[in-house]
Amino acid sequence: MTTPTAPSQIRNAIPDDAPASAFAPSPVGAYRRGFEDRYYDNAWFCPYPPGSAEAVEYAAGHVAASATEREATL
């Protein structure tokens, strides 16, 4: 029989400077990353090389978040 782990023990096991991958079950796609950067942070943090397929997806997510914000204010 295994003993359950208390949430406080889990929180204390994750260091403050842990990468985001420690919290996400899988890597976030470029589109989602662009969307969330625009929607939540209102910023452009594209880590992908210019002209790459990932950069194009990041830009598309960024544009979609911008359109979503405009729709919400109408």
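In segment 49-70, the residue that is farthest from residue 32 (Cα to Cα) out of those that are surrounded by fewer than 17 Cβ atoms within 10 Å (Cβ to Cβ) and among the hydroxyl-bearing types (Ser, Thr, Tyr) is 52. Note on segment 38-48: among residues that are in a helix (DSSP H, G or I) and in contact with a helix residue (DSSP H, G or I) (Cβ under 7 Å, 6 or more places away or on another chain), the one that is surrounded by the fewest Cβ atoms within 10 Å (Cβ to Cβ) is 39.
Here is a yes/no grid of residues against (1) modelled with pLDDT of 90 or more; (2) at negative phi; (3) surrounded by fewer than 10 Cβ atoms within 10 Å (Cβ to Cβ); (4) of a type in the set (A, V, I, L, M, F, W, C):
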{"residue": "7", "(1), (2), (3), (4)": "no, yes, yes, no"}
{"residue": "10", "(1), (2), (3), (4)": "no, yes, yes, yes"}
{"residue": "20", "(1), (2), (3), (4)": "no, yes, yes, yes"}
{"residue": "31", "(1), (2), (3), (4)": "yes, yes, no, no"}
{"residue": "74", "(1), (2), (3), (4)": "no, yes, yes, yes"}
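Look at segment 50-74: where a residue is part of a helix (DSSP H, G or I) and a partner is exposed (fewer than 12 other Cβ atoms within 10 Å of the Cβ), sitting 6+ places away or on another chain with Cβ atoms under 8 Å, you get 55/49; 62/44.
The values are calculated or read from the model by the stated rules, or taken from the named source; none is laboratory data. Just so you know, these numbers come straight off a predicted model, no measurement behind them. Counting neighbours? That spans all protein chains shown, and the Cβs are built from the backbone with ideal geometry, glycine included.
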